[in-house]
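I have placed the structure first, in the form of structure tokens, so that the comments after it can refer back to it.
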Amino acid sequence: MRIDAYNKINQMQSVSKINKVTSKKTVSQTDKLELSQAGKDYQVAKTAVSEASDIRMDLVNDIKERLANGTYNVSDEDLADKLLERYCG
């Protein structure tokens, strides 16, 4: 066994001195985020859509009233057209 080779490997692996890391306290530049006008418009539209009701109560109340009065009539052809449009594309 070669002791001199063992000593050289041991020297390479040992740490002789630990240097402290100093942190810089001043910041020269900060990160910045800017939205484009299209992004801002998208945010406004998304907010407006999320706040809007999915049910148009004025139409629902009108149909309820017409059903109660017996004046709500739907054409068979209109119903068939809507069914075909929805399920056949």
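The values are calculated or read from the model by the stated rules, or taken from the named source; none is laboratory data. Keep in mind it's a predicted model, so treat the numbers as computed, not measured. Because the Cβ atoms are built from the backbone with ideal geometry, glycine has one as well, and the counts that use them run over all protein chains shown.
Can you pull out the residues in the stretch 67-87 that are surrounded by 10 or more Cβ atoms within 10 Å (Cβ to Cβ) and either in contact with a Cys (Cβ under 9 Å, 6 or more places away or on another chain) or part of a loop (DSSP other than H, G, I, E, B) (or both)?
The one that is surrounded by 10 or more Cβ atoms within 10 Å (Cβ to Cβ) and either in contact with a Cys (Cβ under 9 Å, 6 or more places away or on another chain) or part of a loop (DSSP other than H, G, I, E, B) (or both): Tyr72.
Condition (residue is modelled with pLDDT of 90 or more, surrounded by 10 or more Cβ atoms within 10 Å (Cβ to Cβ) and either in a helix (DSSP H, G or I) or touching a His at 6+ places or on another chain (Cβ under 8 Å) (or both)) applied to the stretch 47-57: is it met by at least one residue?
Yes.
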